[in-house]
Structures are given as C-alpha cells and as structure tokens.
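Working notes for the structure below.
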Ligand SMILES: [Zn+2]
C-alpha cells in the first residue's frame, strides 16, 4: 500500500514538472505567436502559371521559393523575407533581433554597444545635460569600456587586422567584408600565429580580389600595405600561397579580368573598353597566350583598342599601369597583330 502511495506521488511529481514545462513553453510561444512571424507574401504572383495556367500558388518558406501548386513550376527563388530576424539567444520570450547587420570588417562585427565620444563632449554633452565633472567620469567609463572589449589578444589582433584591411586594401566595400571574412578564417585555423598581421591581411585582400575576378597585382597590394622591400615581398607571396592552399582558392586570373581595372586606371573613354573586350573575345582562345603574363596581355589589348578608337596612349603609359616592360608589350603586340591578321585572312 505504502509502495503504491509512493508511486502515485512520484508520478504526480512528474506530471507537475511536465505541466510546468509545458506552461513555460506555452508562455514563450504565446508572447511571440506561433514561431517566427514570417512576413513573406506571394508577391507578384498575380498572373496564372506560365506553364499550366493554374492560379494555385504555393510557397516553400525554408527555401524561399514560390511554386505552382498544380504543376510544380518554380516561379520565384530567393524571396526576401522582411520579417524579424529570429536569432536572439537571450532568455527572454522575444527572440527577434533588431539593428544593423553584422559586419565582418569590424572586430566585434559591429554588434557591441559603444559610447560615442561625441555624446559626452561639446554640443553632444550639452544635449544630454552632462556637465564638466560628469563628463570626466564619462570619459573614464568610455576608456574602461574600450579596454574591456580588447582584452584578449585575439580580439586585439582582429582589431588591428580589420583596420589594415579597411584602410589599405583599396577594395570595394563588399570585397573588404570578404577579405575580413578570410582573415577571420585564417585566424581560426591558426595561420596568423607566427606571421605578421600586415602580411596576412595583405594576402587576404589579394585573394578576396582575385576570387571576385577583380584582380590586383601583388606589387600593388605590397605597395598599399607597405611591404615593398624584398623580404616583405617574399613573405607576402609565401603567405598568399599558404592561404590559397588552406582556403582552396585557386582561381587563375585571365587577361580579360584586368581590362576593367587598367581601362579605368588609364582614364580611357568607354568605347575603348568595349573594343578591348571585343579584341579579347576574338583572340582569347589562342594557344599563343600560354605562359604570357596576363597583365601584359591585357595591356596589349587595351593599347591596340585605344589605337583603333583614336585615343592613342603612349606605350610607357600603358606599361606603367600594367606593370610590364615596353619590350614585353611590343612582343605581345606582335603576337596580337599576327593573330588578328590570321583571323582576318580566314574571314576573307
Ligand atoms: Zn503550373
């Protein structure tokens, strides 16, 4: 009898616990509705399916696709969900996250709260009603706040590297982010240990640009990162090789990818770029370019294109931008002329 009573009480306890758990879950659910409040709508699907003519649209929320419920035709992919981001891991019931998107190019991804110096001095302080003595204590708080954030050596390392990449890489914003992402990866894989922050961040900038088909020459990167002396250059090329191997980033730069860059560096008008691209599409498949420096080949295309469009450049101007010697350029021009003559001969 006593045993039964105990069993009952234990079971009751279990039930109680379960009920409590359920009510907690219920609370969490109730406060935010049933899961993440998606705001995705079947926007733009006002016409019947172009395959079968049905108007029965359905959507796959996980994949962001709108598809025909009748025949399965996918009419919209990568739909943007303007609903709240659902990644707040605090204990509260509300899991939505607001604020700017994380930025790879800041050591803390831009997610920390910082006290702006503008808010505690001058006009900013007056707006917030901060007086002289208070301002001093606020300044101390700012200092403590900043120091506490950069305590670990890893954070300090990241802060310096991100600064290097932002200031010196001379890349468009999306590529700065990509270079910083590569650096983080390198730091996680312990590639940074024992190498200079300057060298690794320069290598990241180089690889990010190369993989995005907007190549920068090693010399150019070396110059902007102050690594022009022989030893530093050696370190840079070695780090680039190592990083490419670790990242599996082995994109080989072709001459066509240099045309945009050199064209803008030479301040040439738009038609010249079109002409250069046309030249490259005509002769690009030839085996004659095997083993030739891509930057030099691109320079030859642009030089020829400029001449064809009556915007003549001197050879030395073109060579300076491409980083090749005039002898090289003349040699490549001879190959180009020969190929063009051959193609013209075939056409006639
Ligand atoms: Zn259909």
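Every number here is computed from the coordinates shown, using simple stated rules; none is lab data. The shown structure was predicted, so the numbers you read here are calculated from the model rather than taken from an experiment. Here Cβ is always computed from backbone atoms with ideal geometry, including for glycine, and neighbour counts include all displayed protein chains.
Here are the numbers:
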quantity	calculated
Gaussian network model of the chain, Cα within-10 Å springs - most flexible of 107, 135, 186	135
Least to most buried among 200, 74, 192 (fewest other Cβ within 10 Å first)	74, 192, 200
Cα-Cα P(r), segment 302-348, percent of pairs per 10 Å interval	25, 48, 22, 5
Size descriptor, Kirkwood hydrodynamic radius, that averages inverse alpha-carbon separations across segment 177-285, Å	15.1
Residue exposure sequence - 165, 144, 130 - by fewest surrounding Cβ within 10 Å	144, 130, 165
Rounded tilt (10° steps) of 2-32 against the dominant C-alpha axis of the chain	50
Cα-based convex hull volume of segment 131-185 per residue, rounded to whole Å³	99
With 10 Å bins from 0: P(r) over segment 255-347, alpha-carbon pairs, percent	17, 56, 25, 1
Which of 139, 184, 210 has the fewest Cβ neighbours within 10 Å, and the rest in rising order	139, 184, 210
For segment 74-230, the spread of Cα positions along each principal axis, largest first, Å	55, 54, 30
Degrees between helix 153-168 axis and first principal axis of the chain (Cα, 0 to 90, nearest 10)	40
Inverse of mean 1/r across different Cα pairs in the chain, Kirkwood, Å	26.7
